[in-house]
Each structure stands twice: as C-alpha cells, then as structure tokens.
Amino acid sequence: MFSLRAIIVLSLSLLVTAHPHPHDNAAPLFFRRETTETGGSSNEGSSGTVGAFSASRFPAVQDALAGNERFRQTRNDSAIRALVADGQKPPFMMVSCSDSRAPEATIFDSQPGTFFMERNIANQYKPGDENAQSVMAYGVRVLGVQHVVVMGHYGCGGIAAAIASAPKTNINVATHIVQTWIGDVRALYLSSNRTEIAEMRTRNLEREAAGETVEEPDVQEPGFRALVEENVKQQVKRITESSVISNLNEEVILKLNTDGTRRADAPAEEGAGGEEATLIPVFVHGWVHDIETGEVIDLNISTGPAGFENFTPPAAGEEQPAEEPAASSSVSEGEGATSTSEGAAEPTSSGEAAEPSSSAAEGEGESSSSAEAEPTTAPSAAEPETTSGTENVAPQPVQQASGDVRVHGPGTRPASNTPAARMKRSQSRRLSFAQRRALTAQQAK
C-alpha cells in the first residue's frame, strides 16, 4: 500500500496536470526582438510571423527614422562632439508641457545642450513628484543651471480639461490618472479671484447647475488664457518655495557676494570630484508660449535670492570677476562687511567696523571681541569691536507678486529657518583669527 505521503504527492501531480497554468497558452503580453546566431532576428513568444511589428509596417515610424537620417547629415558634428567630450552645461532648465506643438528647440531656435527638460501635462511642479524634484536638483546642483523656466502655452489641453466638467461615468484607468494629475489645476480654476477666470467659472457653474455639461473652452476664451498664466505663476511659486531652490538661495546669500563672487569668509566646498563646488545664484522665470503667433510672453514674475536683484552675469566668453585679494586684511566677523586690499576692513551698512585679521574666520565657539588683534599695514585700520554676530544679517527675501500668487515673499518659511536666522547661528559659532591663535597658544602651554 501506498503511504499517506505518496498519495498526497500523486494527487497534487494529477491536479497540476489537469489544470495547467492559465498563461501557458495565452497570448504573449509583450514581444522581445532578439538577434539569432545566424544574424537574423526573432520575436520570442510571438505567434505571428517574424517582423510582424517591424517599422516597415508603420509609415509614421518610417518617417521618424528617415528624419533621423536627415538630422545625421545636417547636424553640427563639432558641437555634438564637444557636448559628448565635455558633458552638458545647459544654462536653462525648463518645466514645460508635454504638448507636441511646443518643442523648445524649435521655439527658441536653440542648439543641443541649451535646455535641461522636465515635461508633463500642464507644466506642473508638484512637491511630491520625485521625478521633477530629481531633475531640478540635478540641474541646479550638478549641471550648473542658472535659469529655471516654467513655460505654459495657450490652448493647453490639460488646462482645458480642468475647466470642463469632470467625467462622472465610464471612468477607466487612463481617465482616472489624467483627472488626478490635473486636480491641482482644477482647484486653481475653482479658487482663483482673477476677473476673467471668475467670470468664466460663474457661467460654467450655472450651466452645470442646470444639468448641462461644460465642454473644453475655445482657445481664445479670456478665462482659459488667464488660467494658463495663473497656473504658470503657481508653479513658479512652488519651485521658489521648494526645498531644492530655497536651500540653494539661503546658501547663496550666506556664501556669495551680490556680484556672484564667493565671500572671503565662506568655506570652500568640495564637489563629488574633489574640486571646489560651483555655487551660483539661480533665478526662476514664468513664460507663456502663444502657439498661434509663436510669441513667448514673459509674465515678469521672476524670483531669485534676496539681494541679487541687480545681479548681472558676465558676458559670453568673460570670466566671473575675481574676489578682492585678502592678503592685507579680510573680514573675520560679520557677513555684511566686505574684503578690501587697502589693509582695512570696510564697515558694514550699519556702520559697525569689521575686525581686521590676516585670514577669514572659521571654527567653533562663542563669538566675542578679539583678545589680541593683529595690526594691519594701513595706519587708519579700523579697531576691532566686540560683536555678537547679530547685527550683520542677510537681507530678508523681497516680495515678488503678480495676480493671485505671492512669490518669494516674507513669511514663507518658519522664522527659525530664514536666511537671517541661519546666518545668525553661523556667526555665533565663529571664532576670530586672533582668538584661535590665543586658544592654540594656551593649549601648547
């Protein structure tokens, strides 16, 4: 007789044989094209003929590949080789719409290597979108992008869908995904106080209350065009307040002079390759493209780090102006003082004299007056004064506003995390050069 275990194993074997896996004879879910040993190709898992999904069956695909051949014959080979050898250093990052009618290279007649791109429906930047955040972080921190542009366009399908009545039946997976993505635009449409949008909304809500379905608006509808602009403003505000840009702005204010040169007392930073990291001010802009006329309209809502309103980058081919030499003296305390080459530290805007020393102050400890300040070469050098480090604080971010959105205004961050507060904490930890010398001497004894 069979043992109980043998009976169980036999029963399971019969069950598996009688009920094969449901996918064994099902149609393949995907096709993978592989090159055979004879140099040909095969579609693994396909029940059709070899090459059933070849590009030769689709004229549109043929046209695209033919376009690539024309591109290869007319492209600027030397420029492309330089991009391959040196890597990309795009001056712009653009958050734009996925719309096929708004290609940035065509609109701006630009060359490869100009725009670092993030595209999605209705050119949105969402705080929880890791893809957009990673593109932003890589662009401004690694590639050295200086201008972030949000570019919307009139006639945007995503904006139009947010104005139209939301579907109530036959909601499939694709519809649900799209409606979820444009939810923020719909919320903006329902809350905006801009006159053109409010008037359009009132008409549409009355129609829906009467049982009508609101269709997508005409491209020339003033409320539609206004919502395109307000959506751009909202994305500029979000980017400006994002952790990537706000942290960068605070670092720029702490470490750079308003002409873009590094402060004398700012510690050098190391990049991934062991070289000093490049820190530059980054500016966020809002533009709208009119597909019909081809014009790009600047909404004049640009934002940037506080104090850099008059920043002018060097012209093409010019180097950023170097810092004033600090061999004679430099600022040791107080971020507002400037380095000079005459041997005396210039006073800050509040009239406080900066402490002279032979190098930038660094270190940890409580800030106090210098015990043994070294004399400078100039007889009129300012005498060191006792400071707490609280007087010389960075200027507060200026308010930039337009329409419904206040951009980069005060109160957007907790008081403890403002540039001024961060600078105050940084200053309170510094020791002057003379203090460090005295401490070293005491330790040596």
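Computed from the coordinates by the stated procedures, all read-outs in this text should not be read as laboratory data. Keep in mind it's a predicted model, so treat the numbers as computed, not measured. Note: ideal-geometry Cβ built from the backbone for every residue, glycine included; neighbour counts use all protein chains shown.
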Applying the selection to region 115-146, what residues are closer than 22 Å to residue 158 by Cα and hydroxyl-bearing (Ser, Thr, Tyr)?
125
Within region 93-139, can you find the residues that are hydrophobic (A, V, I, L, M, F, W, C) and part of a helix (DSSP H, G or I)?
105, 107, 132, 135, 136, 137
Can you tell me how many residues in region 193-236 are in contact (Cβ under 8 Å) with a residue 40 or more places away in the chain and touching a Pro at 6+ places or on another chain (Cβ under 8 Å)?
2
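What do you reckon, is residue 238 surrounded by fewer than 15 Cβ atoms within 10 Å (Cβ to Cβ) and assigned to a helix (DSSP H, G or I)? It would help to see each step written out before you state the result.
Values: surrounded by fewer than 15 Cβ atoms within 10 Å (Cβ to Cβ): no; assigned to a helix (DSSP H, G or I): yes.
So residue 238 does not fit the description; no.
For region 219-233, give me each residue that is of a type in the set (Val, Ile, Thr) and assigned to a helix (DSSP H, G or I). Steps first, answer last, please.
We begin by selecting, within region 219-233, every residue of a type in the set (Val, Ile, Thr); these are 219, 228, 232.
Residues satisfying the conditions are 228, 232.
Per-residue answers, yes or no, for (1) among the small types (Gly, Ala, Ser); (2) buried (at least 16 other Cβ atoms within 10 Å of the Cβ); (3) over 20 Å from the mean Cα position of the chain (by Cα):
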site	(1), (2), (3)
147	no, yes, no
157	yes, yes, yes
172	no, no, yes
181	no, yes, no
215	no, no, yes
242	yes, yes, no
